[in-house]
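The values are calculated or read from the model by the stated rules, or taken from the named source; none is laboratory data. Predicted, not measured: the structure shown is a model, and the values here were computed from it. We place every Cβ from the backbone using ideal geometry, glycine too, and count neighbours over all the protein chains shown. Surface areas here come from the heavy atoms of the whole protein model, side chains and all, with no ligands, DNA or RNA. Shrake-Rupley method; radii C 1.70, N 1.55, O 1.52, S 1.80 Å.
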Amino acid sequence: MEEFRQEEITSALIRLIRKKREAIGRPVRIMEVCGTHTMTVYRYGLKPLLEEAGIDLLAGPGCPVCITPDDYHEIIIDLLTRRSKTIVATFGDMTRVPTAKGSLQTAVPAPSSRLKIIYSPLEALDLAQENPDCEVIFFGAGFETTIPSIAFTIKEARARGLKNFSLLAACWLIPPPLRAILESGEVAIDGFLYPGHVSTIIGSRPYRFIAEEFKIPGAITGFEPNDVLLGINSVLDQMMDARPEVAIEYRRVVSASGNPKALALMAEVFEVRDAFWRGLGLIPQSGLGLREEYHEFDTLKRFSLHLSPSEKSFNPGCRCGQVLRGLLRPPECPLYGRLCRPENPYGPCMVSYEGACLIHFKYGQRWS
Ligand code: SF4
């Protein structure tokens, strides 16, 4: 792994990227789809080096906390505050997203109810087993990386015979929003860096339409600094050769076909549905819901609730939707650093560790 962080290799790759970009003869704009890539680019100081080399990196929609609409948060806040003997279990970032009803962390639970931050979906099952007189609701958000473990949790809930456990699924698929961004034509993109961990599950094939239909190069990359640079280098090569493809620059983990066991597990428990994304609106076939056979574990069914997400926002000035579409950089939001800061976030992009605004705030101040 050492070579993926070695500074001499980083410098050599930057020089190579600059040379290739100069040969292309114009600035190159690449969307890094995944928030973890954004983190790598900022944390290792690649952002200014790449800017100097003429590479404009744009954050994309790859942060599940950021793209989950407020309605999901509000429905879970209602359950926590109105139902007694209810335990809401979720990942830490999800508890801080501000909505018109506050956040899960500021909500006052109903008597004998509580919020529990968990690190693994299986912890929610243990909670259900340990608290048989309570309803345990797992608010599970994630992309294809996390979804197999959520699917496993549902199967395990059945195997354990749990009757007091359910899932509010905020489960999203990465390729469909990329099509939505390209079809909108709002932002010109020369290439994509595809998320390494999502691609571990889905492989490279689901991105092929981007190369074939839109003629846009792309590379699946890992999360070390030199991984990211190798991905950019591949995109430039494809541009120079006018040969767009889905390159795998993360071969130590990713294959073309992905992980068939994980994909089968997802398909067994979930079905693909149209879903609403913050900032991107309704995207066909971009989300997952529990299959009929698993409806006993569906929070919405269990409590007769209905989700009807819309493009509403806690603060009308919040521009997270535009940040997620690559239309706005965090400092261009009028609230950035003034009303919206990590200790007082106005939008989810300032909450999540994969959120572009939080990452820029933590690491980007040095050079912006
Ligand atoms: Fe949203 Fe805050 Fe970022 Fe503005 S600065 S886009 S309000 S998270």
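If you go through segment 349-368 and keep only what is open to solvent by less than 60 Å² (accessible area, probe 1.4 Å) and farther than 12 Å from Val97 by Cα, you end up with Glu354, Ala356, Cys357, Leu358, Ile359, His360, Phe361, Tyr363, Gly364.
Looking only at segment 232-261, filter to residues that are hydroxyl-bearing (Ser, Thr, Tyr) and closer than 19 Å to Thr38 by Cα; which one of those is least open to solvent (accessible area, probe 1.4 Å)?
Here the residue is Ser234.
Considering segment 263-362, the qualifying helices (runs of 4 or more DSSP H), each wholly inside and each with 2 or more residues that are within 24 Å of Lys155 (Cα to Cα) and in contact (Cβ under 8 Å) with a residue 40 or more places away in the chain, run over 299-302.
For residues in segment 1-20 being in a helix (DSSP H, G or I), among the basic types (Lys, Arg) and open to solvent by 40 Å² or more (accessible area, probe 1.4 Å), which is nearest to Met240 (Cα to Cα)?
At the first step, the residues of segment 1-20 found to be in a helix (DSSP H, G or I) are 2-4, 7-20.
Those left that are additionally among the basic types (Lys, Arg): 15, 18-20.
If we keep only those that are open to solvent by 40 Å² or more (accessible area, probe 1.4 Å) as well, we get 15, 18-19.
Values: Arg15: 16, Arg18: 13, Lys19: 12 Å.
If we take residues in segment 1-20 being in a helix (DSSP H, G or I), among the basic types (Lys, Arg) and open to solvent by 40 Å² or more (accessible area, probe 1.4 Å), then Lys19 is nearest to Met240 (Cα to Cα).
Among the listed residues Arg329, Arg302, Arg366, Arg291, which satisfies the condition of being over 20 Å from the mean Cα position of the chain (by Cα) and at pLDDT below 95? Steps first, please.
Numbers: Arg329 fails: over 20 Å from the mean Cα position of the chain (by Cα); Arg302 fails: at pLDDT below 95; Arg291 fails: at pLDDT below 95.
Exactly one of Arg329, Arg302, Arg366, Arg291 is over 20 Å from the mean Cα position of the chain (by Cα) and at pLDDT below 95, namely Arg366.
Just wondering, is there one or more residues in segment 222-231 that are in contact with a strand residue (DSSP E or B) (Cβ under 8 Å, 6 or more places away or on another chain) and open to solvent by 60 Å² or more (accessible area, probe 1.4 Å)? Can you show your working first?
Filtering segment 222-231 for residues in contact with a strand residue (DSSP E or B) (Cβ under 8 Å, 6 or more places away or on another chain) gives 222, 227-228, 230-231.
Retained after the next criterion (residues that are open to solvent by 60 Å² or more (accessible area, probe 1.4 Å)): none.
Looking through segment 222-231, none of the residues is in contact with a strand residue (DSSP E or B) (Cβ under 8 Å, 6 or more places away or on another chain) and open to solvent by 60 Å² or more (accessible area, probe 1.4 Å).
Give the residue, chosen from Asp227, Asp241, Asp237, Asp190, that is more than 15 Å from the chain's Cα centre (by Cα) and without any contact (Cβ under 8 Å) to a residue 24 or more places away in the chain.
Details: Asp227 fails: without any contact (Cβ under 8 Å) to a residue 24 or more places away in the chain; Asp237 fails: without any contact (Cβ under 8 Å) to a residue 24 or more places away in the chain; Asp190 fails: without any contact (Cβ under 8 Å) to a residue 24 or more places away in the chain.
When all the criteria are applied, what remains is Asp241.
Counting only strands (runs of 3 or more DSSP E) that sit completely within segment 59-168, those holding 1 or more residues that are surrounded by fewer than 19 Cβ atoms within 10 Å (Cβ to Cβ) correspond to 114-117.
Checking every residue in segment 24-43 against the condition of being open to solvent by 30 Å² or more (accessible area, probe 1.4 Å), among the hydroxyl-bearing types (Ser, Thr, Tyr), out of contact with any Leu (no Cβ under 7 Å at 6 or more places or on another chain) and in a helix (DSSP H, G or I) gives at least one match. Of all the residues in segment 112-137, those that are under 22 Å from Gly35 (Cβ atoms) and of a type in the set (A, V, I, L, M, F, W, C) number 2. May I ask you to verify whether Arg319 is within 23 Å of Ala188 (Cα to Cα) and more than 9 Å from the ligand (Cβ to nearest atom)? For Arg319, the condition - within 23 Å of Ala188 (Cα to Cα) and more than 9 Å from the ligand (Cβ to nearest atom) - is not met.
Sort out which residues of segment 2-51 are of a type in the set (Lys, Arg) and in contact (Cβ under 8 Å) with a residue 60 or more places away in the chain, and write them in order of number.
Of everything in segment 2-51, those that are of a type in the set (Lys, Arg) and in contact (Cβ under 8 Å) with a residue 60 or more places away in the chain turn out to be Arg5, Lys20, Arg21, Arg29, Arg43, Lys47.
Glu144 fulfils the conditions (1) over 30 Å from Pro109 (Cα atoms); (2) of a type in the set (Asp, Glu); (3) over 20 Å from the mean Cα position of the chain (by Cα) except for a single criterion, (3). The set of residues from segment 333-348 being crowded, with 23+ Cβ neighbours inside 10 Å and either more than 6 Å from the ligand (Cβ to nearest atom) or closer than 12 Å to Arg96 by Cβ (or both) comprises Pro345, Tyr346, Gly347, Pro348. Evaluate the following for Ala170: is it within 29 Å of Leu115 (Cβ to Cβ), free of Cβ contacts under 8 Å to residues at least 12 places away in the same chain and not polar (S, T, N, Q)? For Ala170, the condition - within 29 Å of Leu115 (Cβ to Cβ), free of Cβ contacts under 8 Å to residues at least 12 places away in the same chain and not polar (S, T, N, Q) - is not met.
Can you find, within segment 169-190, the residue that is surrounded by the most Cβ atoms within 10 Å (Cβ to Cβ) among those that are among the acidic types (Asp, Glu) and not in a helix (DSSP H, G or I)? Among residues in segment 169-190 that are among the acidic types (Asp, Glu) and not in a helix (DSSP H, G or I), the one surrounded by the most Cβ atoms within 10 Å (Cβ to Cβ) is Asp190.
When the criteria are applied in full, Ile201 meets the requirement of being part of a helix (DSSP H, G or I) and either crowded, with 23+ Cβ neighbours inside 10 Å or in contact with a helix residue (DSSP H, G or I) (Cβ under 7 Å, 6 or more places away or on another chain) (or both).
Checking each residue of segment 293-306 against the condition of being farther than 19 Å from Thr99 by Cα, buried (at least 19 other Cβ atoms within 10 Å of the Cβ) and of a type in the set (Ser, Thr, Tyr) gives at least one match.
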